[in-house]
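Nothing in this text is a laboratory measurement; each read-out follows from the coordinates by a stated rule. Note that the structure is a prediction, hence the values are computed from the model and not measured.
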Amino acid sequence: MFRRLRIFLAFLLFLLMIFPIFPLGGADSSSPLHVLRTEYFDIIFPEESRAAACKIAAVCDDYYLEITSKLETEAYQRFPVTITNSVEMLNAYYSAVPYNRIVLYDTRPDESLDMYDETIQSVFYHELTHAVTYNMKGKWQKRLSFFGDCMNPAWLSVTTFWAEGTTVSFESKGRGGRLNDPFSTQIVSQSVIDGHFPSWRDVTGARDTYPGGT
């Protein structure tokens, strides 16, 4: 039995090694990059995005401790955060493949994300909530980190309802967020008028991990 388990783990490790490991959607490599380090984050950015990086650096540790407290888990990780202005639409994503990271697109928001007081900070808060949600682990589960961040039982147990519901409810505790945004709630309001309630896919849209990105 143990021999089969070793063969399976070796095969799994081989698959992870041949899987594309280069970060997708990262900072523009043609620009010199800088790093701001906080207690829990390494914020990587080109000079053009320094203002955005400073905004994130000012709040990221407090956000992390706040989210972990709400979810009753511990702050035990460091996360790289890449900020890039090479994409012309504000968006962001969290991914654990091949390693935990958050990528933020530093540009002007469209109407679907223009409901926050501090847009880029709030978008970061949303993605950080995903990162914390998918990295809640017991002691034995943390040992799986030896095989990489993507080896996480949460990816099998955390549903879209739970993951998106947590982020949207957390981000909407103040005046901003999707629960307070007419652009988002109009989808539901119009469906009530039409007498046809939308499916959960219509409401949530695509997942926010690469390459979905919406």
Q. Which cross-chain or sequence-distant (5 or more) residues have an amide H under 5 Å from the amide H of L71, H modelled 1.01 Å from N in plane?
A. none
**Q.** Length added when fully stretched, L33-L179, from 0.36 nm per residue minus Cα-Cα
**A.** 49.0 nm
Q.
Report the gain in length on full extension from F197 to L65: 0.36 nm times residue separation, minus Cα-Cα distance, nm rounded to one decimal.
A. 43.8 nm
Q | Length released on extending from S157 to E72, taking residue separation times 0.36 nm less the Cα-Cα span | A | 28.9 nm
